[in-house]
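Derivation of every value follows stated rules applied to the coordinates shown; laboratory data play no part. On a predicted model such as this, the values are computed, not experimentally measured, just so you know. Cβ coordinates were reconstructed from backbone atoms using ideal geometry, including for glycine residues, and neighbour counts include every protein chain displayed.
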């Protein structure tokens, strides 16, 4: 019984370690991309700007409708 529990604990630790490693690699990739954009090595994506700058002259930003009061 103890062997089964120990193996289960080891497997759980291995899964947690794999998840943490994946998160760390993802975080590093994002930081590298951010630095590349900052240094001018990569072009800044369109979606990073404020939404109002993306609208054309004839387009108007949608305004939320006021909620009716009861």
### Task
Evaluate the distance, in nm, between pseudo-label points positioned 7 Å from the Cα of residue 41 and of residue 8 along their respective Cα→Cβ axes.
4.7
### Query
Given q = 0.14, 0.25, 0.29 Å⁻¹, what are the Debye log10 I(q)/I(0) values for the stretch 2-42, with equal point scatterers placed on the Cα positions and solvent ignored?
-0.49, -0.77, -0.86
